[in-house]
Amino acid sequence: MAMVAQNQQYMEANSSSNSMNHQLENGKYVRYTTEQVEALERVYAECPKPSSLRRQQLIRECPILSNIEPKQIKVWFQNRRCREKQRKEASRLQTVNRKLSAMNKLLMEENDRLQKQVSQLVYENGYMRQQLHTPSAVTDASCESVVTTPQHSLGDANNPAGLLSIAEETLAEFLSKATGTAVDWVQMPGMKPGPDSVGIFAISQSCSGVAARACGLVSLEPTKIVEILKDRTSWFRDCRNLEVFTMLPAGNGGTIELVYTQVYAPTTLAPARDFWTLRYTTTLDNGSVVVCERSLSGSGGGPSAAAAAQFVRGEMLPSGYLIRPCDGGGSIIHIVDHLNLEAWSVPEVLRPLYQSSKVVAQKMTIAALRYIRQIAQESSGEVVYGLGRQPAVLRTLSQRLSRGFNDAINGFNDDGWSLMNCDGAEDVIVAINSTKNVSTSTSSSNPLSFLGGVLCAKASMLFQNVPPAVLVRFLREHRSEWADFNVDAYSAASVKASPYGYPGMRPTRFTGSQIIMPLGQTIEHEEMLEVIRIEGHALGQEDPFVSRDIHLLQLCSGIDENAVGACSELIFAPIDEMFPDDAPLIPSGFRIIPLDPKSGDPKDALGTSHRTLDLTASLEVGQSNSHGPSDASSCQNTRSVLTIAFQFPFENNLADSVATMARQYVRSVINSVQRVAMAISPSGLTPSVSPKLSPGSPEALTLAQWICNSYTYHLGTELLTSGSVVGDSLLKDLWHHQDAILCCSLKSLPVFIFANQAGLDMLETTLVALQDITLDKMFDDAGRKALFPEFAKIMQQGFAYLPGGICMSTMGRHISYEQAIAWKVLAADETTVHCLAFSFVNWSFV
């Protein structure tokens, strides 16, 4: 039996050996030598998936592979591709795991911070309850989560010890905001954290000024991130200039710098801002790098007073960047921006823009984190752009477009800009820059050498009920609805090297179609850079090979309707079809900034969606009464400021004619944008636009005629000295009248709809901002008691004389006047009352 068992085992082993040999013969199991593997790897590096002919050729050319069958070679390449795929997948999963681990760490830290904030709020709530139930207790209003930051004067900064003391205090306060509970942070609307998000974003809920905070994971080393963020002009589009005046060494290899920064104004209705700050860069004990910054008080900080005359000095409360090295590479970054933008210095209608933490978050905090992530992805080769352009070149072109547009809007004197024929009565401002050289670098004999400079026609207006992202998308996709291609051709000729391009304009027919050629876009598609080609054809017997097309370099941003507080822009500049990297750019375009209504604003409760700011519509009393809050849809209470700026090259002897053309063209664009807004506004809402509320518009001319006629009709005297003035002369005389004349609508809450220059000076406001001022805001208690009983008299006999008194400007200053006259303004039919007018005689500031 034992012998039988042994024979059986031998037969089974022999059978297994035969099976193994059979499998080897079939190519399933092959043992390769080191030399054979190296030869196959060399081929794999060149061609991971060789064809049958290539495998046979490999066997013939490589003697060490001659004993291996082509089928076995095929199996080896299949296995090699599979191993490569598994390796890449494992690497990807490891990267995702590191990112999730880092995000989890951030979320846990954020959760801990929120727990501390909840504990603090519970303690403060209990303390307030105890105080309320204790009659003898003194109310303590200091329990809010408000950061009060004492400013440090220049006297503290006259010595290194004083600077270091300020720097250390700034560091402590910044870290308490970045990782602690010094500021009551709430989640940024529409920005939920998650594995695919850019980061965690928050805005301040109750603190002095406006503040925003961001946390995120970036695949760059801390030193590289610090280098990028300190160069604020490279990523902060609103930064005009940053200059380091003093640099001193500090501990841990850090530095202390005194920095002067200039920031563009976003519209023509507000002055620009500048900051005089101390910036402290240091390394913490745990290896983290910190760059923190705060303002220094004192008017002597920065350049001379003459250089800063067009700026309002803003305040930067402790802000900065905390960059922590991350396990496995990369960095975790915390960004805090905390500013006081001095909202008192802008018209009341624009103050929500300067009091909105959402706007600061979108423009500075989120923009900084997105820019760093963009650089990281470009460095890793994940982003590929069209037309063979390098990422750095495209970023430079985008920056030049944005900077040129901001320069045109602001019109700084030190850049060579000056107003042209401006008496304050124009709805479109024209500025001239004779020092701006518009020339290409293609040839020294370029015909542009005689150009005199650049003209800019610009205007700002208030929009309602039109989502900025929707309007910008429409303007981008349907250029023919608002643009005049012949004007585009005039501007485009200034950058053409062809001697036929300028100054003579050849007759051309444009098809109206545009071809959009993408150059690149940011990783979240919030900004797109593209080339626009508008096709043109000659109308005469001319060289058919000469290009008549118009080419534009265009930057479009803010087209995401869900981006809360984001600015929407469409900026473009004519370019030569060859499009060199150093092409001259003369940017023009549109900027639409949403106005975040202040919380608790009574206008919000009333609903501003049914209010209209168009002059003629404001006079329709019956129409205004027919609308109500029930008409509002999902975009109710949406308001935004639209700024338009168009630049045109000119010759020295043609400046006046080009200025006239520029002003007329911008007015036609404004009218077209109004029609577009009407077409794309949500159903049930009437878009409200007020671009033409200044003298010079037909609506203002009509109202001026009604004001003068009604004054003469009711009071029996003429408002103006000459009874024969008509048309533009009447309007000009009314605009420059010595008494302040204001008109308000006939509503339950009367709103001012027009004022002459004296009226605007008295209220210290602008024509756009005027429409957010109600009649009751202007008078004190005594003035309201004197005015309200007279309303019935005004409506019955048509006018009333009001005694002298005191009223108040939008800046809070008291105004005295000897007498006021109120009368109802009748329409042309002299039967319909459209509004009330007031004339304040001999007014002056108290």
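The values are calculated or read from the model by the stated rules, or taken from the named source; none is laboratory data. Everything numeric in this text was worked out from a predicted model, so none of it was measured. Here Cβ is always computed from backbone atoms with ideal geometry, including for glycine, and neighbour counts include all displayed protein chains. Each accessible area value is taken on the protein alone, full model and side chains, heavy atoms only, with ligands, DNA and RNA left out. Shrake-Rupley method; radii C 1.70, N 1.55, O 1.52, S 1.80 Å.
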Restricting attention to segment 567-584, the residues that are closer than 29 Å to residue 680 by Cβ and open to solvent by 20 Å² or more (accessible area, probe 1.4 Å) number exactly 2
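Looking at segment 478-497, which of the residues that are in a helix (DSSP H, G or I) and of a type in the set (S, T, N, Q) is surrounded by the most Cβ atoms within 10 Å (Cβ to Cβ)? Working first, answer last.
As a first pass, look at segment 478-497 and keep what is in a helix (DSSP H, G or I): 479-481, 485-493.
Subset that is of a type in the set (S, T, N, Q): 480, 486, 491.
Values: 480: 13, 486: 14, 491: 21.
This residue is 491.
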Subset of segment 398-433 [at pLDDT below 85, open to solvent by 30 Å² or more (accessible area, probe 1.4 Å) and small (Gly, Ala, Ser)]
424
The one condition residue 554 fails out of (1) in contact with a strand residue (DSSP E or B) (Cβ under 7 Å, 6 or more places away or on another chain); (2) part of a loop (DSSP other than H, G, I, E, B); (3) modelled with pLDDT of 80 or more; (4) not aliphatic (A, V, I, L, M) is (2)
Which numbered condition in (1) modelled with pLDDT under 75; (2) surrounded by fewer than 20 Cβ atoms within 10 Å (Cβ to Cβ) is the only one that residue 712 fails?
(1)
Residues located in segment 767-813, provided they are open to solvent by 40 Å² or more (accessible area, probe 1.4 Å), in contact (Cβ under 8 Å) with a residue 24 or more places away in the chain and outside any strand (DSSP E or B):
776, 777, 780, 782, 790, 795, 797, 811, 813
Taking segment 738-766, which residues are open to solvent by less than 20 Å² (accessible area, probe 1.4 Å) and in contact with a Gly (Cβ under 7 Å, 6 or more places away or on another chain)?
740, 741, 742
Scan of segment 159-181 for residues that are open to solvent by 10 Å² or more (accessible area, probe 1.4 Å) and among the charged types (D, E, K, R), ordered by number:
168, 169, 173
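If you take the residues in segment 212-265 that are aromatic (Phe, Trp, Tyr) and under 24 Å from the mean Cα position of the chain (by Cα), which one is farthest from residue 176 (Cα to Cα)? Lay out the reasoning, then the answer.
From segment 212-265, those aromatic (Phe, Trp, Tyr) are 235-236, 245, 260, 264; that's our starting set.
Going one step further and asking which of them are under 24 Å from the mean Cα position of the chain (by Cα), we end up with 235-236, 260, 264.
Working: 235: 26, 236: 24, 260: 25, 264: 30 Å.
Filtering segment 212-265 for residues that are aromatic (Phe, Trp, Tyr) and under 24 Å from the mean Cα position of the chain (by Cα), the one farthest from residue 176 (Cα to Cα) comes out as 264.
Test residue 45 against the criterion of being modelled with pLDDT of 65 or more, exposed (fewer than 13 other Cβ atoms within 10 Å of the Cβ) and among the hydrophobic types (A, V, I, L, M, F, W, C), and give yes or no.
yes
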Options 128, 20, 103; residue that is under 52 Å from the mean Cα position of the chain (by Cα), modelled with pLDDT under 80, in a helix (DSSP H, G or I) and more than 30 Å from residue 215 (Cβ to Cβ):
128
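Residue-wise test of (1) among the small types (Gly, Ala, Ser); (2) modelled with pLDDT of 75 or more; (3) at negative phi; (4) in contact with a helix residue (DSSP H, G or I) (Cβ under 7 Å, 6 or more places away or on another chain).
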{"residue": "136", "(1), (2), (3), (4)": "yes, no, yes, no"}
{"residue": "155", "(1), (2), (3), (4)": "yes, no, yes, no"}
{"residue": "172", "(1), (2), (3), (4)": "yes, yes, yes, no"}
{"residue": "183", "(1), (2), (3), (4)": "no, yes, yes, yes"}
{"residue": "190", "(1), (2), (3), (4)": "yes, no, no, no"}
{"residue": "198", "(1), (2), (3), (4)": "no, no, yes, yes"}
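Does at least one position in segment 242-257 carry a residue that is assigned to a strand (DSSP E or B), among the aromatic types (Phe, Trp, Tyr) and crowded, with 21+ Cβ neighbours inside 10 Å? Steps first, please.
Applying the first criterion (assigned to a strand (DSSP E or B)) to segment 242-257 yields 242-249, 255-257.
Checking which are among the aromatic types (Phe, Trp, Tyr) leaves us with 245.
Checking the rest, the ones that are also crowded, with 21+ Cβ neighbours inside 10 Å come to none.
No, segment 242-257 contains no residue that is assigned to a strand (DSSP E or B), among the aromatic types (Phe, Trp, Tyr) and crowded, with 21+ Cβ neighbours inside 10 Å.
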Residue 363 - would you say it is assigned to a strand (DSSP E or B) and either touching a His at 6+ places or on another chain (Cβ under 6 Å) or at pLDDT 85 or above (or both)?
no
Residues of segment 739-757 being among the hydroxyl-bearing types (Ser, Thr, Tyr) and either closer than 21 Å to residue 804 by Cβ or in contact with a Cys (Cβ under 9 Å, 6 or more places away or on another chain) (or both), in sequence order, are 745
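Take residue 820 and tell me if it is closer than 13 Å to residue 778 by Cβ, surrounded by 12 or more Cβ atoms within 10 Å (Cβ to Cβ) and not aromatic (Phe, Trp, Tyr). Even if it seems obvious, please write down each step before you answer.
Working: closer than 13 Å to residue 778 by Cβ: yes; surrounded by 12 or more Cβ atoms within 10 Å (Cβ to Cβ): yes; not aromatic (Phe, Trp, Tyr): yes.
The answer is yes for residue 820.
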Filter segment 648-699 down to residues that are at pLDDT below 75, within 27 Å of residue 765 (Cα to Cα), open to solvent by less than 20 Å² (accessible area, probe 1.4 Å) and outside any strand (DSSP E or B), then give me how many there are.
7
Across segment 531-550, what is the number of residues that are over 20 Å from residue 481 (Cβ atoms) and modelled with pLDDT of 85 or more?
1
Of the numbered conditions (1) in contact (Cβ under 8 Å) with a residue 24 or more places away in the chain; (2) touching a strand residue (DSSP E or B) at 6+ places or on another chain (Cβ under 6 Å), residue 234 fails exactly one; give the number of that condition.
(2)
